[in-house]
Amino acid sequence: MTVSESLESGRLATLKAMRDLLANELDNAIPMNVSAIAARLQSVLEQIDDIEPARAGDLIDELANRRQNNRSATAERSAPTARERRPTKSG
């Protein structure tokens, strides 16, 4: 879908068409234009993320990763150090 065609489908469709156009332009850009096109592409991607609802799988994966990181951090804090594991001499 072209940018012109996407205008009738709403803002999200237009942003996605712009994303595709900018990505193509970035692939074929001369070096002096890469920075400007990349900045515009980044802006469009951020706008898409703001509009498009998060997919359930993405949210579940993110929560699972956070839980795993929290468990790892807790385990590290509660694990005995080498000095604590060393047997003591009884007298």
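The values are calculated or read from the model by the stated rules, or taken from the named source; none is laboratory data. These numbers were taken from a predicted model, which means no experiment stands behind them. When we count neighbours, we look across all protein chains shown, and the Cβ atoms used for this are built from the backbone with ideal geometry, even at glycine.
I'd like the full set of residues that are surrounded by fewer than 10 Cβ atoms within 10 Å (Cβ to Cβ) and outside any loop (DSSP other than H, G, I, E, B), limited to region 15-38. Don't jump to the end; show me each part of the working.
Keep residues of region 15-38 that are surrounded by fewer than 10 Cβ atoms within 10 Å (Cβ to Cβ), which gives 27-28, 30-32.
Once the filter is applied, which keeps residues that are surrounded by fewer than 10 Cβ atoms within 10 Å (Cβ to Cβ) and outside any loop (DSSP other than H, G, I, E, B), region 15-38 yields ASP27, PRO31, MET32.
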> Condition test on ARG71, is it exposed (fewer than 10 other Cβ atoms within 10 Å of the Cβ) and modelled with pLDDT under 85?
Replying inline: no
>> Contact list please: Cβ distance under 7 Å, first residue in region 1-24 and closer than 18 Å to ALA39 by Cα, second residue of a type in the set (S, T, N, Q) and surrounded by fewer than 12 Cβ atoms within 10 Å (Cβ to Cβ), pairs at least six apart or on different chains.
In response: ALA17/THR2
